[in-house]
Each structure stands twice: as C-alpha cells, then as structure tokens.
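Peer 1: Starting off with a structure, shown below.
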Amino acid sequence: MVEYSRFFADRVKPMKGSAIREMFKRMADPEIISLAGGNPAAELFPADELSKIAGKILMTSPTLALQYGTTDGYSKMKDCAKSRAEKVDSFKDGDEILIMTGANQGIDLTAKAILNKGDKVIVEDPSFIGSLNAFRSYECELVGVEVENDGMDMDKLEEALKNNSGVKFIYTIPTFQNPTGTTMSLEKRKRMLELASKYDILILEDNPYGDLRFSGEDVPTIKSLDTEGRVIYAGSFSKILSPGMRLGYIVGPAQLCEKIEMLKQVNDVHTPMITQLMCVEFMKKYNIDKYIEKNRDLYGKKCKVMLDTMEETFPKGKVEWTVPEGGIFLWCTCPGIEDITPIVDACLEKKVAIVPGSNFAVDITAPSNKFRLNYSAVEQAKIEEGVRRLGAVLSELL
C-alpha cells in the first residue's frame, strides 16, 4: 500500500484532527450524553416551513434553483445578509458583501487572501479550532493572547504587537466567544481598534453567536466602531436558521472582497442556489427576529439548567466556570490539576462527553486543565443528568 504521508504538503503536515470529531466516533453509544458538540438545538429548526419553501421553489423556479449561480452570491441573498449586518451597524460605505458556504469558508478565504508563509496572526487563546486550523494551513505563526472574563487581555495584546513583527491581523470572536462564552467589553473593543490602528494591522471579527443574547445588554460590534476600514466581519445563518444550509457571509472593503471572490470561485464556484433561495423566501415570509427570540428563550433556559446543576453537583472550590449571557458554550477550569485528560476519559466511562481545553489552544500539544460544555444541543433533562454524571466524576477525581 502507498504511504501517503510522504506526499503531504509541508503546510498540512503539522495539522491534527479535532478531538471533538474523534470523540464523536466514540459516541456511537446512544446512552452517552454529549455536552461536547456545538450544534444548535434541532427542535428549533423550522423544518415544516423550509420543506414547503423548498417544494415551492423547485416547482416554480427549478432552473434558478438548480443552475449555476454567481460566485459573490444570489442578489436577494446578499440583501438578506446585508440587512442582518446593517442591524448591528456592520455594513459601511465602501463595503462589499459576499455570500459564503458557511462563515468558516469566509474566514478561511480571508486568511488565504492575506497570509503569506511566516506571517503572524494574533488570536484569542483559547479560540475556535476551525479558524485556528485554517490559519495553520497557510503556514503562519499563531500568537495567542489570554482571554479574560471581559474579553482578550488588551495589555497583553499590545505587548504581543510590540514583540512580534509581521502580524497581519487579529482574529477575535468578541461576543459569546467559542469556547469560553465570554463577551468582550465595549472598552476593550475600542482599545483593540486603537491598537490595530497604531500598529497598522487588520481585525477579523467573527460573530456567529451575536443574535443569541438571552441576558444582559447588547454590545456594539467592533465593525460598527470602525472608522478606518480595518475590520472584516464574518456573519452566519447557521445558529439562527440551520447549520446544514451552510450560509454565511463576509463584509469587507471592496478591494479585499474582490480577491476573496476570486478565491471562492476556484474553491466551490458558488454557494448552493437552493439553500440561498430557501433562506431568502424564509426571510420574506416569516419574521426572523421572532424566530431568533425562540432561540434566545430556549438557550437561556438550557443554560440556567446547566449552571444550576453545576452549582449543585460540582465539588466546591475545585472548579471555576464562566457565566455566559448568550451563545451556546461555557468554559470550566480545574485550578488544582494540570491535565484534564483523565477526567475526559472517566466521563466517557460514565456515558457523558466533554471537550478538553487543549483543542482550542494555540499550543494543542500542551496539557490543559480546562474543558468546554455545550448546552444547546440536548434537551434540558439530559443536560441535568449529564452534568450530574460529570459532577460525580469531578468529585471523585479532583
């Protein structure tokens, strides 16, 4: 048999698979309660509405739905995305909008358009593994900056900018961050913009969870505060409509969007027309904001169940955790240990799955005493039971 590893490009050799994906393979057992994933609540999917919409589209506009489309996106879909961006003041004069096959494609193609081998990207540490792997694939160096309860540590960000030449951009998920669930304060958002201007770099703002606030007050997007055209904004329909439809968008200056569009053309030609048309029709026929309210209400209830059960069952003084105001994740730290792996393995034995923090780190080989929990994907009774099982393991091993 051919040994394919010797054919791999240098840029992909260091890349490692996500332990989240590997964990899913081990979770074929239906008795396992997964607090590990990042899926939206399936019970919220508007399946009946989308089924009728898809049928109507294929009956009345089959050629439009099944033929090639334009790389930048169907014009009415671009209008829908623009309306979502404008709702948070994140579409500016001189900006263009591109429809992406999921926001992660937009992040990947933005990085591809900007990064050369050896360039540096400043990222939150921890951060979303999909974006970190996208950056790694372009042979850049990731410079991690600690995430505090109110967002990235700005003093350490400035220190990183002072000590690292060749930084192209800062990547941030400022609202309900993945994996921590934290939200960057307005003061820190303004400071990040000031630092980006001072050191003449860009900011890539990823905002897939911003619509999912269930407590607290909205904080302006970094893009909305930008007066220099430094912020590229990534938005998504995955968490408010359906992840399987693979609909996201990028907002940025025309000069950059032109290059990203060229890269997308050779990547997938265009985002599927049928899902774009379905989204357009859904947005036209139904009140998307009322639908989003259902998401917020359910996630708020699920998060409360998780937090209340953690408070009841986790060993006192042994575990610290974030309290999110929205989104779908929270983040736990066990200060008294160095490596969470034995706890992750013991949890699987007790039929509950969690994600080790090393998955989200800049240095994925270093041990981590942290883990991520998700409360969106399973029903409330299973959240409670899963956390109880987790609490029993923590009480035994910590």
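The values are calculated or read from the model by the stated rules, or taken from the named source; none is laboratory data. Predicted model, so just to flag it, every value in this text is computed and none were measured. Don't worry about glycine lacking a Cβ; one is built from the backbone with ideal geometry, like all the others, and counts go over all protein chains shown. Protein only, heavy atoms only, side chains kept; ligands, DNA and RNA dropped before computing areas. Shrake-Rupley method; radii C 1.70, N 1.55, O 1.52, S 1.80 Å.
Peer 1: Right, LYS188: basic (Lys, Arg) and open to solvent by 30 Å² or more (accessible area, probe 1.4 Å) or not?
Peer 2: On the way: basic (Lys, Arg): yes; open to solvent by 30 Å² or more (accessible area, probe 1.4 Å): no.
The answer is no for LYS188.
Peer 1: Looking only at the stretch 142-161, which residues are touching a residue at least 24 places away in the same chain (Cβ under 8 Å) and surrounded by fewer than 17 Cβ atoms within 10 Å (Cβ to Cβ)?
Peer 2: Applying the first criterion (touching a residue at least 24 places away in the same chain (Cβ under 8 Å)) to the stretch 142-161 yields 142-144, 147-152, 154, 157-158, 160-161.
Result: GLU148, ASN149, ASP150.
Peer 1: Could you please find all residues in the stretch 309-326 being out of contact with any strand residue (DSSP E or B) (no Cβ under 8 Å at 6 or more places or on another chain) and either at positive phi or of a type in the set (Asp, Glu) (or both)?
Peer 2: GLU311, GLU312, GLY317
Peer 1: Would you please name the residue that is nearest to the chain's Cα centre (by Cα), looking only at residues in the stretch 101-142 that are hydrophobic (A, V, I, L, M, F, W, C) and assigned to a loop (DSSP other than H, G, I, E, B)?
Peer 2: Of the residues in the stretch 101-142, the ones hydrophobic (A, V, I, L, M, F, W, C) are 103, 107, 109, 111, 113-115, 121-123, 128-129, 132, 134-135, 140, 142.
Filter once more, keeping what is assigned to a loop (DSSP other than H, G, I, E, B): 115, 128, 140.
Working: LEU115: 20, PHE128: 6, CYS140: 20 Å.
Taking the candidates together, the pick is PHE128.
Peer 1: Condition check: under 25 Å from THR110 (Cα atoms) and of a type outside the set (Asp, Glu). Does GLY317 satisfy that?
Peer 2: Details: under 25 Å from THR110 (Cα atoms): no; of a type outside the set (Asp, Glu): yes.
When the stated conditions are applied, GLY317 does not pass them.
Peer 1: Given the condition modelled with pLDDT of 95 or more, touching a strand residue (DSSP E or B) at 6+ places or on another chain (Cβ under 8 Å), surrounded by fewer than 16 Cβ atoms within 10 Å (Cβ to Cβ) and of a type in the set (A, V, I, L, M, F, W, C), answer yes or no: does some residue in the stretch 351-369 qualify?
Peer 2: There is no residue in the stretch 351-369 that is modelled with pLDDT of 95 or more, touching a strand residue (DSSP E or B) at 6+ places or on another chain (Cβ under 8 Å), surrounded by fewer than 16 Cβ atoms within 10 Å (Cβ to Cβ) and of a type in the set (A, V, I, L, M, F, W, C).
Peer 1: Considering the stretch 287-303 alone, what residues qualify as being under 20 Å from the mean Cα position of the chain (by Cα) and either within 12 Å of PRO324 (Cα to Cα) or polar (S, T, N, Q) (or both)?
Peer 2: ASN295, TYR299, GLY300, LYS302, CYS303
Peer 1: Let me ask something else. Collect the residues in the stretch 291-345 that are surrounded by fewer than 18 Cβ atoms within 10 Å (Cβ to Cβ) and in a loop (DSSP other than H, G, I, E, B), keeping them in residue-number order.
Peer 2: PRO315, LYS316, GLY317, LYS318, VAL323, PRO335, GLY336, ILE337, GLU338, ASP339
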